[in-house]
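The values are calculated or read from the model by the stated rules, or taken from the named source; none is laboratory data. Bear in mind that the values here come from a model prediction, so they are computed numbers and not experimental data. Cβ atoms come from the backbone with ideal geometry, glycine included; neighbour counts cover every protein chain shown. Heads up: the accessible areas ignore ligands, DNA and RNA and are worked out on the full protein's heavy atoms, side chains in. Shrake-Rupley method; radii C 1.70, N 1.55, O 1.52, S 1.80 Å.
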Amino acid sequence: MAKKALITGITGQDGSYLAELLLAQGYEVHGIIRRASTFNTGRLEDIYTDPHDSKARLRLHYGDLADASTLARLLAQIQPEEVYNLAAQSHVRVSFDTPEYTTDIVATGTVRLLEAIRQVGLQPRFYQASSSEMFGQVREVPQRETTPFHPRSPYACAKVFAYWATVNYRESYGLHASNGILFNHESPRRGETFVTRKITRAVAHIQAGLQDKLFLGNLDAKRDWGYAKEYVEAMWLMLQQEQPDDYVIATGETHSIHEFLDAAFGHAGLDWRRHVEIDPRYYRPAEVDELLGDASKAKRQLGWEPKTRFAELARLMVDADIALLKAYREGRVRVST
């Protein structure tokens, strides 16, 4: 009988890649989605089947991390062996504008899910999506599992709470619960308001003559950027271990937004300096200057290491956005985002 996995945030970048991975591994995959007036399952179109098909291995359920009773009902109904908590208000800059909502979903929402698991009486293996943003004003370079946290945004503060809640349920109730401290991970499925996708989407539109300017904030911020499709493999590997633990997932390289602009615009034969302008609205009230991860523990214990490097990732995303825009203009897809 197929293993069952439940994914919150299944319609996002990571959730869609994880669903594909689990289906390839033979799982029956269940995802929680929020009710909306428009379809928000675009990233799942290639793998989603008839929701009324009782034999379908991907099934979507309406729910929300703000709704504890529905979480408990779904857990009791599905009885998953693995639970991946990827849902969040995940935009760091937006979290300064919506701190209460961000905290409710990211922090309290994680507790609601953990407590629903406990109250229903399940013992699934649990994955919590933690973030390199928790390190914030970093105490050491590179950052590893033992590096102290110093969060610099409401999002990061909420992620620290969720991290420790996961550890607490592991230590208090014996839950097989692991934190994946993922550094920035990108892909063609990244939301278009995130800086890397905002850049690669602009490259496609500028090259096509549909856009001239791109407005950004701090170009000096440095991040450890990897490929999301590879990072979900690490999530799955964590839940296959005999003992739960916490792992940094990163490439071990740091690059500035300047460098990403060089790589992305250069790949399309463009000079970003002719098109990029700074808009102070995109600056954070408290900036995180540089993040660099040490994933040696993941390599040692999980056998995981990144394959796609920075320049290749930028090229991959630019090519995907150019192809997507072309398909949209030819009427082969509905939207160009």
Across segment 263-292, what is the total count of residues that are out of contact with any strand residue (DSSP E or B) (no Cβ under 9 Å at 6 or more places or on another chain) and buried (at least 17 other Cβ atoms within 10 Å of the Cβ)?
-> 4
Among all residue pairs at least 6 apart or on different chains, which show Cβ distances below 6 Å where the first residue, located in segment 191-215, is within 12 Å of residue 268 (Cα to Cα) and of a type outside the set (Ser, Thr, Tyr) and the second is surrounded by fewer than 17 Cβ atoms within 10 Å (Cβ to Cβ) and modelled with pLDDT under 95?
-> 201/192
Give me the pairs, please: first residue somewhere in segment 136-161 and at positive phi, second residue anywhere and among the small types (Gly, Ala, Ser) and open to solvent by less than 20 Å² (accessible area, probe 1.4 Å), beta-carbon distance under 6 Å, and either six or more positions apart or on two chains.
-> 136/156
For segment 178-210, name all the residues that are within 18 Å of residue 255 (Cβ to Cβ), open to solvent by 20 Å² or more (accessible area, probe 1.4 Å) and among the charged types (D, E, K, R).
-> 190, 198
Consider residue 161 carefully, then state whether it is among the hydrophobic types (A, V, I, L, M, F, W, C) and not in a helix (DSSP H, G or I).
-> no
Output yes when any residue across segment 293-306 is loosely packed, with under 13 Cβ neighbours inside 10 Å and not in a loop (DSSP other than H, G, I, E, B), and no when none is.
-> yes
Is there a residue being under 20 Å from residue 283 (Cβ atoms), open to solvent by 10 Å² or more (accessible area, probe 1.4 Å) and either at pLDDT 95 or above or not β-branched (Val, Ile, Thr) (or both) anywhere in segment 166-177?
-> no
Might you check whether a residue that is surrounded by fewer than 21 Cβ atoms within 10 Å (Cβ to Cβ), at pLDDT below 95 and touching a Gly at 6+ places or on another chain (Cβ under 8 Å) occurs anywhere in segment 132-146?
-> no
Pick out the one residue from 71, 18, 22 that is closer than 20 Å to residue 103 by Cα, modelled with pLDDT of 95 or more, open to solvent by less than 10 Å² (accessible area, probe 1.4 Å) and of a type in the set (A, V, I, L, M, F, W, C).
-> 71
Residue list for segment 256-289, restricted to those being more than 23 Å from the chain's Cα centre (by Cα) and at pLDDT below 95 | 279, 280, 281
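Taking the condition out of contact with any Asp or Glu (no Cβ under 7 Å at 6 or more places or on another chain) and modelled with pLDDT of 95 or more, does residue 43 pass?
The answer is no for residue 43.
Does residue 315 satisfy being open to solvent by 70 Å² or more (accessible area, probe 1.4 Å) and either modelled with pLDDT under 95 or aromatic (Phe, Trp, Tyr) (or both)? Show your work before the answer.
Values: open to solvent by 70 Å² or more (accessible area, probe 1.4 Å): yes; either modelled with pLDDT under 95 or aromatic (Phe, Trp, Tyr) (or both): no.
So residue 315 does not fit the description; no.
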